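Peer 1: Sharing a structure below in structure tokens format, with a few things to ask.
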Amino acid sequence: MWVIKYGGHAMTDDEERARVLADVRTLRAADGRPVLVHGGGPYIAAALAEAGMESRFVRGLRVTTPEALAHIELALTMLGKRLAAELGDAVGLTGRDAQLLVAERFDAELGEVGRMRRVRRELLEALLAAGLTPVVGCLAVDAHGALLNVNADEVAGAVAAALAAPCVFLTNVPGVLDDPADPGSRIPHLTIADAHARIADGRIAGGMIPKVEAAMSALQRGAPSAVIADGRAAGELPRVQSGHAGTRLVP
């Protein structure tokens, strides 16, 4: 079983998206039983811009007003259905479906944004047992059923922990870089202690912070491994599986 987080601008490129989905099918054909967790930043930004709303971020997380949330839900739901159709033998879901994802609000400054609290594991396991790939959008509900926007990296980490499955975070760089300006400075293995130090001194910054934090959280919750890898490269997921690509977070 593998949990794969997919998002970013690579999703908007038809050829790159086809390569990623082909990798997912390769894992599935090898009885890898993948779960695909997706964000949708470019699609959300376009939907909000069309509605005349700005995109604003605090600490790498999207500020979400109740008005924006309706547009975000539509964008993510439609994207999930599209990914599921392109992948084949897949089902597009969000946290609304049978309370698959439960979260709680944690920061008034961010608005309708949640932290993950629970994953309905048995729903994902039932779909996997039926030979179907769950495609999970990053929307959760709170204890009262109200919708919350959740960072997709955090959702992927929570799903991996619930399933006790390895988690791969696909991004637009080869992994965590020792020098962010040098794509060739990939760090093959990164301890949790070193990751905290690099966040503190700024060597890990911006959108990489939530990915690294989600990878650490997945490990601490019980996922057997967490890897940050390049979602633009063909064959990246098989290389990650064999240990030859990405940055593997270790205790």
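Peer 1: Using only DSSP helix segments of four residues or longer, with each worth -39500 (n - 2.57), what per-residue ellipticity at 222 nm results for the chain after dividing by its residue count and rounding to 500?
Peer 2: Numbers: 8 runs with 99 residues, N = 251.
Helix contribution divided over all residues of the chain: -12500 deg cm²/dmol.
Peer 1: Of 51, 140, 39, which is farthest along the charge dipole of the chain in the positive direction, counting Lys and Arg as +1 and Asp and Glu as -1 at C-beta?
Peer 2: 140
Peer 1: Bin by bin, in steps of 10 Å, what percent of the Cα pairs in the chain do you find, going until the bin that has the longest distance?
Peer 2: Each 10 Å bin holds this share of Cα pairs: 8, 34, 39, 18, 1.
Peer 1: What does the charge count near residue 239 come to, summing +1 for each Lys or Arg and -1 for each Asp or Glu among other residues with Cβ under 11 Å from its Cβ?
Peer 2: Working: positive: none; negative: 23, 230, 236.
Computed value for this residue: -3.
Peer 1: So how strong a dipole does the chain carry about its Cα centre when Lys and Arg Cβ are +1 and Asp and Glu Cβ are -1, to the nearest 20 debye?
Peer 2: On the way: 26 positive and 30 negative charges, 112 e Å.
Dipole about the Cα centre, nearest 20: 540 debye.
Peer 1: Give me the net charge for the shell around residue 56: Cβ to Cβ below 12 angstrom, other residues only, Lys and Arg +1, Asp and Glu -1. List each step's numbers first, then the result.
Peer 2: Details: positive: 59, 62; negative: 54, 109.
Around residue 56, the surrounding residues sum to 0.
Peer 1: Could I ask something else about it? Quick check on the stretch 103-245: what are the equivalent-ellipsoid semi-axes from the Cα gyration tensor, as sqrt(5λ), descending, whole Å?
Peer 2: On the way: eigenvalues 138, 84, 33 Å².
Working from the Cα gyration tensor, I get semi-axes of 26, 21, 13 Å.
Peer 1: Going through the DSSP H helices of the chain, which span 30 Å or more along their own axis at the Cα atoms while scoring at least -0.5 as a mean Kyte-Doolittle hydropathy? Don't skip to the end; give the middle numbers.
Peer 2: Values: long enough: 66-87 (31 Å, 0.61).
Taking the DSSP H segments of the chain (at least 30 Å long, mean hydropathy at least -0.5), we get 66-87.
Peer 1: Out of the DSSP beta bridges found with both residues in the chain, what percent are antiparallel (nearest 5)?
Peer 2: 35 percent
Peer 1: Run the dipole for the stretch 65-182 about the Cα centre, Lys and Arg Cβ at +1, Asp and Glu Cβ at -1, nothing else charged, and hand back the magnitude in debye, nearest 20. Mind dumping the intermediate values first?
Peer 2: Values: 9 positive and 17 negative charges, 110 e Å.
Dipole about the Cα centre, nearest 20: 520 debye.
Peer 1: For the charge dipole of the chain, defined by +1 on Lys and Arg C-beta atoms and -1 on Asp and Glu C-beta atoms about the Cα centroid, which residue among 227, 126, 64 has the Cα displaced farthest towards the positive pole?
Peer 2: Working it through, the farthest residue towards the positive pole turns out to be 126.
Peer 1: Oh, and also: For Cα pairs less than 8 Å apart in space and 6+ apart in sequence, what is the mean separation divided by the residue count of the chain, i.e. the relative contact order in percent?
Peer 2: Details: 529 pairs, mean separation 55.8, N = 251.
Once normalised by length, the contact order is 22 percent.
Peer 1: What are the extents of the Cα atoms of the stretch 105-167 along their three principal axes, listed from largest to smallest and rounded to whole Å?
Peer 2: 41, 23, 16
Peer 1: What's the ranking of 198-207, 89-98 by average number of surrounding C-beta atoms within 10 Å, highest first? Don't skip to the answer; put the middle values down first.
Peer 2: Numbers: 198-207: 14.0, 89-98: 18.8.
Ranked by mean Cβ neighbours within 10 Å, highest first: 89-98, 198-207.
Peer 1: May I ask for the net charge around residue 197, where only other residues with Cβ less than 15 Å from the Cβ of residue 197 are counted and Lys, Arg are +1 while Asp, Glu are -1? The partial results should precede the final answer.
Peer 2: Values: positive: 198, 203; negative: 178, 194, 201, 213.
Local net charge: -2.
Read the figures in this text as sums done on the coordinates, not as results from a lab. Predicted model, so just to flag it, every value in this text is computed and none were measured. No Cβ is skipped: glycine too gets one built from the backbone with ideal geometry, and neighbour counts run over all protein chains shown.
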